[in-house]
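The block underneath contains the structure these notes are about, expressed in structure tokens.
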Amino acid sequence: MALTPDLTPDPATREVKPALLRGLRCRCPRCGEGKVFDGYIRVAKSCSACGLDLTKQRADDGPAYIVILIVGHIMGLMMLELSTLMRDSPFLVAGICCAAALGLAIPMLPRVKGAFIAYQWAKGLHGF
């Protein structure tokens, strides 16, 4: 395995699956030890364990789009089922659906963004 000057394996030899699994755990795609985020979804400048520079990542709106796509499909099915079960209380259905959407989206967003960053690292995109 060829190493670049920063001890990162050559992008052609990086494995995608382990990097994605590390990203889903919000860990560094290279070492799996350091955290990818400083806050909720603010990307750290570098990995605290191996020093991987994370400033070049560009996840932008991709993770939010994926989360909306997944949560939207789940909520569509849930709304159909709840509206048939609870015809007399549409406000209760709306409240349950809002709570469920937030409960799904909030923990999912950092994991999806971590996976996006890991995929970019594994493929050598955006300067990784």
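The values are calculated or read from the model by the stated rules, or taken from the named source; none is laboratory data. Here the structure is a predicted model, which is why all the values come from computation and not from measurement. With ideal geometry, Cβ positions are generated from the backbone for all residues, glycine too; neighbour counts draw on all protein chains shown.
Structural remarks
- In the condition set (1) assigned to a helix (DSSP H, G or I); (2) more than 14 Å from R27 (Cα to Cα); (3) among the aliphatic types (A, V, I, L, M), I117 is compliant with all but (2).
- Of all the listed residues (A105, A101), the sole one being more than 16 Å from the chain's Cα centre (by Cα) and not basic (K, R) is A101.
Per-residue answers, yes or no, for (1) among the hydrophobic types (A, V, I, L, M, F, W, C); (2) in contact with a Cys (Cβ under 7 Å, 6 or more places away or on another chain); (3) modelled with pLDDT of 95 or more; (4) closer than 19 Å to L125 by Cβ:
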| position | (1), (2), (3), (4) |
| --- | --- |
| T8 | no, no, no, yes |
| R30 | no, yes, no, yes |
| S48 | no, no, no, no |
| D53 | no, no, no, yes |
| I66 | yes, no, yes, yes |
| V71 | yes, no, yes, no |
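- Just one of (1) of a type outside the set (A, V, I, L, M); (2) part of a helix (DSSP H, G or I); (3) within 17 Å of L104 (Cα to Cα) fails for R22. It is (3).
- Scanning the range 31-56 for residues that are touching a residue at least 24 places away in the same chain (Cβ under 8 Å), within 17 Å of the chain's Cα centre (by Cα) and not in a strand (DSSP E or B) yields V36, Y40, I41, L54, K56.
- Inside the range 57-108, residues that are touching a residue at least 12 places away in the same chain (Cβ under 8 Å) and of a type in the set (G, A, S) make up a count of 6.
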